[in-house]
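Q: Got a structure for you, questions after.
The values are calculated or read from the model by the stated rules, or taken from the named source; none is laboratory data. Since the model is a prediction, treat every value here as computed from it, not as a measurement. Quick reminder, even Gly has a Cβ in these numbers, built from the backbone with ideal geometry, and neighbours come from all protein chains shown.
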Amino acid sequence: MFGRLAPGFLLILLVGCRPEETRTPAIAEAFAGPSTLTLHQDLSPKSPAAATANHGDRLDVLEYRRRFVRVRTAEGKEGWTDVRQLLTPEQMADLRQASQNAAHLPSQGAATAFESLNIHTEPNRSSPSFLQLPENGKVDVIGHKLAPRTQAAQPVAARVVKPRLTRRRSREKAEESRVAPPPAPPGPKAPKDWLALSVPNSKSLEKPNPEISKPGEPPSQPLPPRVDDWSLIRTRDGQAGWVLTRMLSMSIPDEVAQYAEGHRITSYFALSQVQDGAATKNNWLWTTITKGSEPYEYDSFRVFIWSRNHHRYETSYIDRNIVGHFPVLVDTSGPAPRFSVLVEGIDGHLYRKNYLLDGNRVRLVNRVVADQPEQKQAPSNPVASAASPGDAKEESWLSKMKHSVSKLFR
């Protein structure tokens, strides 16, 4: 009986004494960048999938080869991926902090995506896309940035994992193994008429004419770098990221957007409501820009009011040829709506100009310097904190005339 059970006990004993599988130690820590990250069994992107990770999942970096890394998920599954699809702990912390800061920034208007749109962590085409906006999806535009169209910085892998340390041979061994080059052959002798050849020719002293080689543009002038317009957006669930501005369309009603005259609408706001019979219409403020790829956000703003007599929108106020920056602030809590714009003056300073919509007329309340970066951010209620039209000191007729003349010459 014991002879029959002995092999079974021996097998159980061998299984129990088997050493546990040793896990490969991690050399770095990273986080999944895209919304869904596929980990492959091999280096080739066409290899079968070994596992998947969601945006923000922590991954252990095990090894890397050029721009590919082998990572391990929290469940213990391993696979290969591109290092550009990973985020460092610092980048992940910055992304979360950006979402928290974006929650307090004022919206510059709702926008709709023309088609499925990738939301990036940085204003760069090759940065990780952690979320995809569906077609006709709506977001709030809260910022703008002009960024050069360049590839992501190569040291992404260096930030995720430390580079390998190459073993260097000692200097003595390197000198011993080095073979001396052969002696150089003797140089050719100078010609007998070398003095005559050294005299410069009159034609060689003439300056080259760049217009002959390239009409209209000197050949030494470098081509301007290609840039992209990026918009900082905020989704309905509070996530913030960067998208290409040309892929968004501001969701202002068509009966107002038809007056854009080919300019791109960058922001819009509803100031007040007007009752025209059974219909309810809004008075609107918008900002537009003539062409894109500019470091500022708008070069004109306009106020539209609804006319009960003509049953259409009419322009109440317009200001052109300006250099305006976000944010545009609006306050509709008081008896009369107020708004303010941030524009550059002819002296190079930034000015916050506060306006009041008094019935169908727009009045300038005050104009204050706002060069400090912290004043450019949206306070809790900055427009309401401006002086009331009765207490504010309005500009004199002479100062208004000087300002108009200076703007005209500009």
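Q: Select, from VAL328, VAL303, VAL343, VAL362, the only residue that is buried (at least 17 other Cβ atoms within 10 Å of the Cβ), modelled with pLDDT of 95 or more, in contact with a His (Cβ under 8 Å, 6 or more places away or on another chain) and of a type outside the set (Ser, Thr, Tyr). Outline the logic, then answer.
A: On the way: VAL328 fails: in contact with a His (Cβ under 8 Å, 6 or more places away or on another chain); VAL303 fails: in contact with a His (Cβ under 8 Å, 6 or more places away or on another chain); VAL362 fails: in contact with a His (Cβ under 8 Å, 6 or more places away or on another chain).
The unique qualifying residue is VAL343.
Q: Based on this model, can you work out whether THR88 counts as touching a Phe, Trp or Tyr at 6+ places or on another chain (Cβ under 9 Å) and in contact (Cβ under 8 Å) with a residue 12 or more places away in the chain?
A: Values: touching a Phe, Trp or Tyr at 6+ places or on another chain (Cβ under 9 Å): yes; in contact (Cβ under 8 Å) with a residue 12 or more places away in the chain: yes.
Yes; evaluated as a whole, the condition is true for this residue.
Matching residues to (1) touching a residue at least 40 places away in the same chain (Cβ under 8 Å); (2) in contact with a Phe, Trp or Tyr (Cβ under 8 Å, 6 or more places away or on another chain); (3) farther than 23 Å from ASN124 by Cα:
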position: VAL227; (1), (2), (3): yes, no, no
position: ALA240; (1), (2), (3): yes, no, no
position: MET250; (1), (2), (3): yes, yes, no
position: VAL274; (1), (2), (3): no, yes, yes
position: ASN282; (1), (2), (3): no, yes, yes
position: LEU285; (1), (2), (3): yes, yes, yes
position: GLU294; (1), (2), (3): yes, no, no
position: SER340; (1), (2), (3): yes, yes, yes
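Q: Another one. So for the stretch 265-284 (the condition being assigned to a helix (DSSP H, G or I) and either at pLDDT below 95 or more than 15 Å from ALA111 (Cα to Cα) (or both)), does at least one residue qualify? Can you show your working first?
A: First, the residues of the stretch 265-284 that are assigned to a helix (DSSP H, G or I): none.
Checked the stretch 265-284: no residue is assigned to a helix (DSSP H, G or I) and either at pLDDT below 95 or more than 15 Å from ALA111 (Cα to Cα) (or both).
Q: If I filter the stretch 285-309 down to residues being out of contact with any Ser or Thr (no Cβ under 7 Å at 6 or more places or on another chain) and in a strand (DSSP E or B), which single residue comes out as farthest from LEU350 (Cα to Cα)?
A: SER307
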